Amino acid sequence: MSQHALHPRLAEVRETILRRNPGEVEFHQAADEVLATLGLVLERRPELAEASIIERLCEPERQLVFRVPWVDDSGVVQVNRGFRVEFNSALGPYKGGLRFHPSVLLGTVKFLGFEQVFKNALTGMPIGAGKGGSDFDPKGRSDGEVMRFCQSFMTELHRHLGEYTDVPAGDIGVGAREIGFLFGQYKRITNRFEAGALTGKGLEWGGARARTEATGYGTVYFAEQLLAGSGRDLEGLRVVVSGSGNVALYAAQKVVELGGTVVAMSDSGGYVADDAGLDVPHLIELKEHRRERMATYAQEKGGQHVADGSIWDVPCDLALPCATQNELDADGATALVRNGCLAVVEGANMPTTPDAVEVLATGGVTFAPGKASNAGGVAVSALEMQQNATRDSWSFTHTDERLRQIMASIHATCVETAEEYGVPGDLVAGANIGGFVRVAEAMRAQGVI
């Protein structure tokens, strides 16, 4: 997005973001994408630009950076850095995941938190937005090392958390094991079994059924709604799913359940493709329980394993980028267009580069942004908070049905908002404006805080 295309007021906001957040390119990218669409709002609803609402929305309410010392199995003291960006609480307590990965920097967490503002607003649930994490890498670490790290991390972070304040969940590198260690330390320090203080918990101690599957399922439910708009469904469609974490695996599972064929999936070591369709239950067993690589799947079940190449070269009708940010670039998008892909629906946070989005638009490929299409995870986290607040536990079927309804509502909001603001079919604008209006109206009602 070029700066000259911006509304003058928004160009000033962008300059401030660049000046205050030097080098944080992912945050700049996320902000640019939103600012590029808000000019439509300023023209129609200028009151939402008053009291510096846009400026305040782009500045986190609180940014926490802290040292996390811990002792490894060799008795050596290690030092990592922890982060929590509490971005906006206009709609409710801060809500968003924790990511443990060597690539995590303050700018990473800030971009994720900014995206979360709009994503959480689109769910219609009473939750604000935050994000956190550390440059700690749990991969290859023993359970004891992960526990000691999590305990040290929570010892610092606990003072900022609570069911009415800030409610973290999992993200990349933070699964059931890590949430268990984090919650145990929170309970130990606070002397309270405050189940609503973290989500993604085990079913035996306050977790919600369908939470593990929620982001992947929700992405496919969004795709289902998108396809229905043009009279299609998933039956018989060839689908490429990048990644092999929870989001990718359960997106693939739901694709198969709804009649699609998953023809390729990937991990950091390459991708596996099979025109006849991958054995998704075997992949889930391989990845979740045995922690094996895609290459092992090819050895055991067949298919072509490609170590050096792009998964987007595999012909498909639907692409679901579910791995990480900026994984789908212009070259990958060009391949998707060339091979007749109908739609790209993001399962990860901002996995498509701006250049790739432009290529898809030019090529007539429908594009759904992650802040809308991958909101299923945080939606079910909010449902987990509801169950914790009432000391209740819902069935998988009931929770899954609520998730499907929420994703249908998000899709409808994106479509209807885009039409209302004169850009029919632009799901990016619909998501950005729909989320912004809800947060901005709450901020306006609450005064300058």
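Remarks
- Selection from region 116-160 of residues that are outside any strand (DSSP E or B), in contact with a helix residue (DSSP H, G or I) (Cβ under 6 Å, 6 or more places away or on another chain) and basic (Lys, Arg): Lys119
- Residue tally, condition without any contact (Cβ under 8 Å) to a residue 12 or more places away in the chain and of a type outside the set (S, T, N, Q), over region 382-404: 4
- Residue in region 345-354 that is free of Cβ contacts under 8 Å to residues at least 60 places away in the same chain, assigned to a helix (DSSP H, G or I) and outside the structural domain of Gly124 (by the TED database) present: no
- Scanning region 225-246 for residues that are out of contact with any Asp or Glu (no Cβ under 7 Å at 6 or more places or on another chain), closer than 22 Å to Gly430 by Cβ and in a helix (DSSP H, G or I) turns up Gln225, Leu226, Ala228.
- Among the conditions (1) part of a helix (DSSP H, G or I); (2) closer than 28 Å to His411 by Cα, the only one that Ala208 does not satisfy is (1).
- Pick from region 332-348, criterion among the small types (Gly, Ala, Ser) and in contact with a strand residue (DSSP E or B) (Cβ under 8 Å, 6 or more places away or on another chain), ranking: surrounded by the most Cβ atoms within 10 Å (Cβ to Cβ): Gly347
- Leu182 open to solvent by less than 20 Å² (accessible area, probe 1.4 Å), touching a residue at least 60 places away in the same chain (Cβ under 8 Å) and either farther than 28 Å from Pro351 by Cα or in contact with a Cys (Cβ under 6 Å, 6 or more places away or on another chain) (or both): yes
- When residues in region 382-403 are screened for being open to solvent by less than 80 Å² (accessible area, probe 1.4 Å) and either in a helix (DSSP H, G or I) or assigned by the TED database to the domain that holds Gly218 (or both), 13 of them pass.
- Test: residue in region 307-314 that is more than 25 Å from Gly236 (Cα to Cα), free of Cβ contacts under 8 Å to residues at least 24 places away in the same chain and either assigned to a loop (DSSP other than H, G, I, E, B) or of a type in the set (Phe, Trp, Tyr) (or both): no
The values are calculated or read from the model by the stated rules, or taken from the named source; none is laboratory data. These figures come from a predicted structure and were not determined experimentally. Here the Cβ is made from the backbone with ideal geometry for all residues, glycine too, and neighbour counts use every protein chain on show. Just the protein is used for accessible areas: all its heavy atoms, side chains included, with ligands, DNA and RNA removed. Shrake-Rupley method; radii C 1.70, N 1.55, O 1.52, S 1.80 Å.
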